[in-house]
Each structure stands twice: as C-alpha cells, then as structure tokens.
Amino acid sequence: MAYVKDSIFIQAPPEKVHAFAIDPRNWCRWFVGLAQIESQQGDGSPGTTVSHTYLMAGAHFPLTTRVIEDRAEPDGSFHWKAENEGALAGRLSWDYLPKDDGTQVEIHMEYTIPGDFPGELASRLFIERNQERAAHLTLQNLKHLIEE
C-alpha cells in the first residue's frame with residue numbers, strides 16, 4: 001500500500017468546508033483526476049456509493065467510492081472516511097479541523113498501485129509522486145472553490 005498525507009488551511013468555517021466537500025456532485029469539480037459521476041446512491045453520508053472514473057497517467061480507471069464514516073465532533077471538527085474499489089483500491093480519510101477562524105483540512109490516502117502498471121520501482125515511484133501531486137492540487141482546488 002502507498003500512503004499520502006497532506007493538509008491546507010481554508011478561510012471558512014469547518015461546517016461550510018465539510019458540507020461542500022462531502023457532496024458527491026462536487027467531487028469532480030475539485031478532486032484531481034475524478035470524472036463525472038456515472039451513478040450515485042446517497043448524499044455523501046455513510047452508505048453513499050458513487051461510481052466514476054479516475055484519470056491517472058493518461059489512463060482511465062473505473063472506481064467505486066463507498067462512504068463508511070461521517071461524524072461531527074464536539075470541538076466543531078468533522079471526520080469523513082471512504083473506501084475505493086477498483087484500480088486505486090484503498091481508503092480516504094478527511095478531517096476538517098477548526099483553526100484560527102477557518103479550517104485546517106487534512107487528507108490521508110492509502111491505495112494500491114494498479115496491476116496494469118509494470119512493477120518496476122521507477123513506475124511505482126512515478127505513480128506515488130503523481131498521487132502526491134494530485135492530493136496537493138486537490139486541496140488547493142478545494143481551497144479556491146470555498147474561498148472564491
């Protein structure tokens with residue numbers, strides 16, 4: 001399993017950032033590599049299932065995202081978790097933490113390298129670096145959309 005962790009500060013309250021971010025209709029607007037939804041059941045809360053496509057290294061991979069957790073904490077933070085099935089099988093965990101009249105957003109991604117790619121170290125490193133960049137740009141996109 002590969003692992004990516006990143007964070008960004010957004011000048012907006014956690015409830016606003018969380019509400020926008022968990023809505024599946026918004027995912028393809030800010031999550032780098034996600035295409036339009038092919039099918040959706042749910043609103044981003046636990047039990048939601050979304051089928052879409054993920055673009056990586058010029059190839060399209062089918063992906064199904066299942067939301068497994070969404071909770072508000074007494075301190076005003078929110079925690080959201082999903083599992084991906086398909087080419088990039090793994091877990092996504094998002095935390096929306098109150099900080100300085102805004103929100104510190106943290107992402108944790110665990111994923112497998114698709115079997116369609118050669119197993120050489122260079123290919124694995126390319127994919128891992130690509131995913132690190134994608135996570136960073138994803139956070140920047142979210143920040144831009146919320147703060148605009």
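Below is a table of values for the structure above.
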quantity: Any hit, the stretch 1-19, residues being of a type outside the set (F, W, Y), in contact (Cβ under 8 Å) with a residue 40 or more places away in the chain and farther than 22 Å from H144 by Cβ; calculated: yes
quantity: Members of the stretch 71-103 that are small (G, A, S) and either under 15 Å from I22 (Cβ atoms) or more than 17 Å from the chain's Cα centre (by Cα) (or both); calculated: A72, G76, S77, A82, S93, G102
quantity: Single residue of I68, I113, I107 found to be over 17 Å from H18 (Cα atoms) and of a type outside the set (S, T, N, Q); calculated: I113
quantity: Search result, residues across the stretch 27-85 that are buried (at least 17 other Cβ atoms within 10 Å of the Cβ) and on the phi > 0 side of the Ramachandran plot; calculated: G33, G44
quantity: First in the stretch 75-95 and in contact (Cβ under 8 Å) with a residue 60 or more places away in the chain and within 14 Å of P46 (Cβ to Cβ), second anywhere and part of a strand (DSSP E or B) and among the aliphatic types (A, V, I, L, M), Cβ under 8 Å, 6 or more apart; calculated: F78/A72; W80/V67; W94/V105; W94/I107
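Computed from the coordinates by the stated procedures, all read-outs in this text should not be read as laboratory data. Not measured: the values here are computed from a predicted model. With ideal geometry, Cβ positions are generated from the backbone for all residues, glycine too; neighbour counts draw on all protein chains shown.
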